[in-house]
Amino acid sequence: MWLGKQLGLLMFFLLPKRRQICCINLGLAFPEFTPAERFQLNREHFISLGRGLLETALSWWGADTKLAKQTQIEGLEHLQAAMQQGGVVLLSAHFTSLELGGRILAQYAPLHVIYRPHQNPLIEWRVARLRSKRYGKAISRDNIRDMIRSLQQGHVVWYAQDQNFGHKNAVFAPFFGVEAATNTATSRLAKLGKAQVVPFFTLRTATGYRLRFLPALENFPSQAILDDTTRINQLIEQQVREFPAQYLWTHRRYKDDPTGGNRYSLYSKENRCKSHNTPWSP
């Protein structure tokens, strides 16, 4: 997707703060990488981000038949088996093709999607209309009762818990070996909604897209919320290591430091990322 690549490179050049956040995240997650390797991965991430923005438009207006031809489904039987037993938490993570993955998946299973309401009422109205056409139901991330009700009624609730929204309903669990404030909602939803948890990831390949379903998590939730949360972080980390440029590294995943420090002192000398290549090189 040539246009998506150019859009990503433009953002890499025009968004220095996001580029810096990405660089700091990569330094925390991949300390074994050289500065040049992290710079290259940073650049590749922005290319993936640019492609993801165009894919979002494709997810709203693209033709089902065209998307189906470009998609490989891996492990759909795991979701189907879980659906036969009741409600399902479809556990996902913020990869750059996330929105497109939901659109494709909606062709195979009715979804209730969890979303973050937009602050602009006009944009929120427009996006809500688009979602209502593609999905069975859209639920605000703050409406836990509605999520539980959907699960108890036997629906599939699509949820990504890997972003940092502060200390509320969160524990510190390792993510790439770094303690990160991690939402515990997946465990609570599975318990209160009497639902199975099926991991699901949308990945971009050389020929199109791969929708990957993993087996439902066994013995989940457990009696230890930290163990559950650590388990989920490790599962997401495994997928990210396979496709590192496609994960949303421009999010301040590590913004809450259990020691009280500031991991995102963007302009401090020790955290400043230096260029090892030009963003416009092929």
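Each value in this text was obtained by applying a stated rule to the coordinates, not by laboratory testing. Note that this is a predicted model, so its numbers are computed, not measured. Here the Cβ positions follow ideal geometry from the backbone for every residue, glycine too, while neighbour counts run over all protein chains shown.
Overview of values
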item: Charge context of Leu214, other residues only, Cβ under 14 angstrom, K/R +1, D/E -1; result: -2
item: By average C-beta atoms within 10 angstrom, highest first, the peptides 227-240, 150-163; result: 150-163, 227-240
item: Cβ-based exposure ranking for Phe95, Phe12, in which fewest neighbours within 10 Å come first; result: Phe12, Phe95
item: Listed residues Ile225, Thr56, Thr205: farthest to the positive end of the dipole of the chain (Cβ charges); result: Thr56
item: Near-label residues of segment 146-177 by backbone N, under 12 Å of a point 7 Å along Cα→Cβ of Asp227; result: none
item: In sequence order, calculated HN-Hα J values of segment 178-186 (Karplus, 6.51, -1.76, 1.60; Hz; x Gly/Pro); result: 10, 5, 10, 5, 10, 4, 9, 4, 4
item: Backbone HN-Hα couplings from phi across segment 18-34 [Karplus 6.51/-1.76/1.60, Hz, Gly and Pro as x]; result: 5, 4, 5, 4, 4, 4, 5, 4, 5, x, 6, 7, 10, x, 6, 6, 6
item: Check: segment 70-245 dipole with +1 on Lys, Arg Cβ and -1 on Asp, Glu Cβ, in debye; result: 720 debye
item: Given Lys5/Lys66; Lys5/Lys69; Lys69/Lys168, the pairs whose alpha carbons are separated by over 32 Å; result: Lys69/Lys168
item: The chain shape via C-alpha gyration tensor axes, a/c threshold 1.5; result: oblate
item: Reachable aspartates and glutamates, given that their alpha-carbon falls under 16 Å from the alpha-carbon of Lys255 and they are not under 8 places away in the same chain; result: Asp162, Glu179
item: For peptides 195-202, 42-49, sequence by mean Cβ density within 10 Å, most packed first; result: 195-202, 42-49
item: Protection-proxy order for peptides 182-189, 78-85, each taking the mean of Cβ atoms within 10 Å per residue, highest first; result: 182-189, 78-85
item: DSSP-defined antiparallel bridges as percent of all bridges, segment 70-245, nearest 5; result: 35 percent
item: Pairwise FRET efficiency - Ser140 versus Asp64, Cβ, R0 = 22 Å, nearest 0.05; result: 0.25
item: Value of relative contact order over the chain, rounded to a whole percent, pairs C-alpha under 8 Å and six or more apart; result: 28 percent
item: Estimated FRET transfer efficiency when R0 is 30 angstrom, pair Lys255-Ala36 (beta carbons, to 0.05); result: 0.70
